[in-house]
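Reviewing the structure listed below.
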Amino acid sequence: MKKYVDNFMQYRFLLSELVKKGIKLKYRRSYLGIVWSMLEPLLTMIVLTIVFGTLYGNTDRTFPVYILTGRLLYSFFSQSTKAALKSIRQNSAMIKKVYVPKYLYPLSSVLFNYVIFLISLIVLAVVSVILGVKPTIYLIQAPVALILILIMSYGFGMILATIGVFFRDMEYLWSVALMLIMYTCAIFYYPTKLLKSGWAWILKYNPLYCVIDIFRCSVFGEVMNIHYFEYALGFSVLMMAIGLFCFKKKQDDFILYI
Amino acid sequence: MSKQPAIIVDNVSMKFNLSKEKVDSLKDYIIKSIKKEIKYNEFWALQNVSFTVEKGDRVGILGLNGAGKSTLLKVIAGVFKPTEGTVTKHGKMVPLLELGAGFDPQYTGKENIYLYGAMLGYTKEFIDEKYDEIVKFSELKDFIDVPIKNYSSGMKSRLGFSIATVVSPKILILDEVLSVGDAKFRKKSEKKVLSMFDSGVTVLFVSHSLAQVQRICNKAMILEKGKLIAYGDIDTISEQYEKMTN
């Protein structure tokens, strides 16, 4: 264990450089730069509110906040796993020349998206205040959701990064899977109707929905569902364990396939 | 000179699977594994290579194209994990393999100095301190704030060389890098490498030019088809190599 910690400390600077690179290059050459990380979720929120709020006759004033909470978590999950999936191949030039622990590549992909995600939470705070969703004591639950989603994304990221090296098709399969995940996360509709039907399991066993629900509870001032918490935690830790195991087992073969 | 080992290569073999057709999609893989069509040609790039390099030795690696020279360097650098055998290293190692390959084209020269330096294991403080020296040696001047994609290949290798040689490593791995840039820079870089030799660095050097190897190294080895066929004093080995190539 100590060996791993020492190793990590030695490459801490490289990790921070890789994270910085991800953030810098994402918005380089755009006029608004990092502002896009806030503007983009805001604009999607407006579109989704018009379509699923106004056009569907939903007049709830706080509906935009509801959409934004789900949408922000989902887009972090989708962006970071996509980036991790491609990370090994994108850095193949480096991997072929200099020895660096390979887990740094998917890790930095997830982390730089996490930083962007945290910045975009500012939008949520502003929109919440404007629409009258006041912060409550339940907001202390928010870090739970934020940590869970990080573990989960990293776990998925490691698994996808490993598969992505050997099968290029995974990129396309994963974007289809992500679409399915998006529609089963109750991002732009209320889950009540679905939860009462025979299809409730789609939400209950969807770990990402569980995390989104915990996050919403903290924003809207409710107690989180403890079963969702247990399930999401167990699932995230399991994914992380599987991810680390697969990655460690296969990482020496990467170089032969990239 | 103390006779401590700097690099111990113990019975290293490296196998590559050369598949006849490249299978890199899931569909192909499933169809072919059902039909049992995946065939691999095993190819041993290195076979049971063992040797010890002592501290301060400068070893030239000779061999024809495809003899496994670059593979051996990459195994020692840690990029390839050997299929069998182990490599033990004592001391900080700097690999000068295909300079500038880790650069990000969208990043400027300055940003790349930090990125590439971090990859080589430098700390932030170290790079801050040596930054001016790197820029000066690379002769890039104002180009340092231009994205690397606008650099010429000579500029890229100059920057790569300057970053990699700013430390004083214990072990230096050179893969034909003494042919970087124009004649002026080549002289300068050779001088820099030679000055490192004086400080007692251990060197592994791959080159096709026997004259260059003779000038730089005190020992040499010959690889042929992945096997180590001779290792010893530079004079004996170069004689043997000349016979081989004629």
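The values are calculated or read from the model by the stated rules, or taken from the named source; none is laboratory data. Everything numeric here is computed off the predicted structure, so don't read it as measured data. Positions of Cβ are generated from backbone atoms using ideal geometry, with glycine treated the same way; all protein chains shown enter the neighbour counts.
Structural remarks
- Screening the candidates A:F167, A:F188 for the property of being within 14 Å of chain B (Cβ to nearest Cβ) and either in contact with a Phe, Trp or Tyr (Cβ under 6 Å, 6 or more places away or on another chain) or modelled with pLDDT under 95 (or both) yields one hit, A:F167.
- Where a residue in the stretch A:241-258 is within 14 Å of chain B (Cβ to nearest Cβ) and its partner, wherever it lies, is of a type in the set (F, W, Y), with Cβ under 7 Å and at least six apart: A:I255/B:F80; A:L256/B:F16; A:Y257/A:F166
- Test result for A:Y138, among the aromatic types (F, W, Y), assigned to a helix (DSSP H, G or I) and under 23 Å from A:S109 (Cβ atoms): no
- Candidates B:D24, B:D104, B:D28, filtered to the one that is within 11 Å of chain A (Cβ to nearest Cβ), in a loop (DSSP other than H, G, I, E, B) and modelled with pLDDT under 85: B:D24
- Within the stretch A:96-123, the set of residues being free of Cβ contacts under 8 Å to residues at least 40 places away in the same chain and not in a helix (DSSP H, G or I) comprises A:V98, A:Y99.
- Residues in the stretch B:146-160 that are farther than 13 Å from B:K110 by Cβ and not polar (S, T, N, Q): B:K149, B:G154, B:M155, B:K156, B:R158, B:G160.
- Of the residues making up the stretch B:63-82, those that are away from chain A (no Cβ under 14 Å) and in a loop (DSSP other than H, G, I, E, B) are B:L64, B:N65, B:G66, B:A67, B:G68.
- Each residue in the stretch A:24-39 was checked for being surrounded by fewer than 18 Cβ atoms within 10 Å (Cβ to Cβ), away from every other protein chain (no Cβ under 11 Å) and not hydroxyl-bearing (S, T, Y), and 6 pass.
- Residue in the stretch B:129-147 that is more than 29 Å from B:V53 (Cβ to Cβ), crowded, with 22+ Cβ neighbours inside 10 Å, within 14 Å of another protein chain (Cβ to nearest Cβ) and more than 16 Å from the chain's Cα centre (by Cα) present: no
- Some residue of the stretch A:166-181 being of a type in the set (S, T, Y) and crowded, with 17+ Cβ neighbours inside 10 Å: no
- So B:G60, is it touching a strand residue (DSSP E or B) at 6+ places or on another chain (Cβ under 7 Å), at pLDDT 85 or above, more than 9 Å from every other protein chain (Cβ to nearest Cβ) and surrounded by 22 or more Cβ atoms within 10 Å (Cβ to Cβ): yes
- Exactly one residue out of A:V129, A:V123, A:V115 is over 16 Å from A:K21 (Cα atoms), surrounded by fewer than 20 Cβ atoms within 10 Å (Cβ to Cβ), of a type in the set (A, V, I, L, M) and within 18 Å of the chain's Cα centre (by Cα): that is A:V123.
- Test result for B:V49, crowded, with 22+ Cβ neighbours inside 10 Å, away from chain A (no Cβ under 14 Å) and assigned to a strand (DSSP E or B): yes
- Of all residues in the stretch A:9-32, those satisfying the criterion of being in a helix (DSSP H, G or I) and among the charged types (D, E, K, R) are A:R12, A:E17, A:K20, A:K21, A:K24, A:K26.
- All positions within the stretch A:192-213 that are of a type outside the set (F, W, Y), in contact with a Phe, Trp or Tyr (Cβ under 9 Å, 6 or more places away or on another chain) and under 23 Å from A:P143 (Cα atoms): A:L203, A:K204, A:P207, A:L208, A:C210, A:V211, A:I212, A:D213
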